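Structure provided below as structure tokens; questions to follow.
The values are calculated or read from the model by the stated rules, or taken from the named source; none is laboratory data. As the structure is a computational prediction, the values presented were derived from the model and not from experiment. With ideal geometry, Cβ positions are generated from the backbone for all residues, glycine too; neighbour counts draw on all protein chains shown. Just the protein is used for accessible areas: all its heavy atoms, side chains included, with ligands, DNA and RNA removed. Shrake-Rupley method; radii C 1.70, N 1.55, O 1.52, S 1.80 Å.
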Amino acid sequence: MNVNGALEVLDRMRLPNGAYTASVSDDYNYVWIRDVVYTVIPFINDPSNRYEKAYHALFDLFQTYEWKIDIHTVQKPQFLFEHIHARYSTELKELPDEWGHAQNDAVGAFLWGVGEGYRHGKKVIRNQRDLEIVQKLVNYLECLQYWQSEDNGMWEENIEIHSSSIGACVAGLNSVKMLVNVKEELIKKGEETLRFLLPRESYSKETDLALLSLIYPYRLVDREIALEILKNVTERLERTNGCIRYEKDLYYNDGQEAEWCFGLPWLGLCYLELGMMNKVNEYIDKTKMIIPENWEVPELYIGGSNIPNGNTPLAWSVSLSYLFLTKTSMIRTEQIT
């Protein structure tokens, strides 16, 4: 399998401003903050400038809407549109459609990616203005009281307290505390909520695919909790073409829940994080089964069918598949030599 095909697909979704469209389909021709963060993880050790250019685009976006951030560092948003939006046009402008914009995990993911990029020597921070945005986003999460803030979560749906959202914020705050002022109490409050909630995703969901983020890429939970999350996801959510997001998910449900392709490489990355190589090898094979020859990995297969939906390729699916297979290829090479 030619993994470079993945880069060709991702480059087709890379916008002139450096961000990425989630997909080339009419339904998904938008920029999601979270999708961009996950899409560029493979480039964090890459000599190209794809990683930093994506973050520069997001910094420019935040500077455009800095007035909104300023308001909500002192006053909690009351309506969804007042939150930092999760989805934008390809020109990085807010959209007027009603949407589940209360997605604290997107802000946490961005902060995490900034700190990770900085640690890896990426010039994600261009100047003092960028640092000011980072500080204001930290203050935004504090104003929200993210550790007890109900939000739409990773899947942009029902409003409740989500472990994956709180975890993303904890990871993000930890990641940028060397760059800006982050009160330790701010991190501890999130950690306390996670101790109470985990391994559940929320009061309504015992398990959810979004929980994998706390293992990879955020590396936030101890081994015992990680294994419990993985057990729940594999036993209850894993299917042939991917993983369902959660039980009774209605999105593209045609008698059964839709199977999200990136669930398989994501599970593989989590097992790799835990050093469980037998499971890693199992998910290498499973991942290869869902990657077409042209590397246009779909978002999902419609529930109860072998038919992908129209959001093909999905940048996030291509990226996690590429990341997992390249990481494991390097490990196998090192073992042989």
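Quick check: anything in the range 202-212 in a helix (DSSP H, G or I), open to solvent by less than 20 Å² (accessible area, probe 1.4 Å) and touching a His at 6+ places or on another chain (Cβ under 8 Å)? Talk me through it step by step, then tell me what you get.
Within the range 202-212, the first condition is being in a helix (DSSP H, G or I), and the residues that meet it are 209-212.
Now drop any that are not open to solvent by less than 20 Å² (accessible area, probe 1.4 Å), which leaves 209-212.
The next check asks that each one be touching a His at 6+ places or on another chain (Cβ under 8 Å); those that pass are 210.
So far as the range 202-212 goes, yes, one or more of its residues are in a helix (DSSP H, G or I), open to solvent by less than 20 Å² (accessible area, probe 1.4 Å) and touching a His at 6+ places or on another chain (Cβ under 8 Å).
Going through the range 144-173 one residue at a time, which ones are in a loop (DSSP other than H, G, I, E, B) and open to solvent by less than 20 Å² (accessible area, probe 1.4 Å)?
Ser149, Asn152, Gly153, Met154, His162
I'm told Leu237 meets every condition in (1) closer than 28 Å to Val176 by Cβ; (2) touching a strand residue (DSSP E or B) at 6+ places or on another chain (Cβ under 8 Å) except one. Can you identify the failing condition by its number?
The single condition Leu237 does not satisfy is (1).
For the range 74-117, which positions are open to solvent by 40 Å² or more (accessible area, probe 1.4 Å) and under 17 Å from Val36 (Cβ atoms)?
Correct list: Glu91, Lys93, Glu94, Trp99.
I've got another one for you. If you take the residues in the range 12-52 that are over 20 Å from Leu269 (Cβ atoms) and among the basic types (Lys, Arg), which one is surrounded by the fewest Cβ atoms within 10 Å (Cβ to Cβ)?
Selected residue: Arg12.
Among what's in the range 115-143 and is basic (Lys, Arg) and outside any helix (DSSP H, G or I), pick the residue that is nearest to Val40 (Cα to Cα).
Lys122
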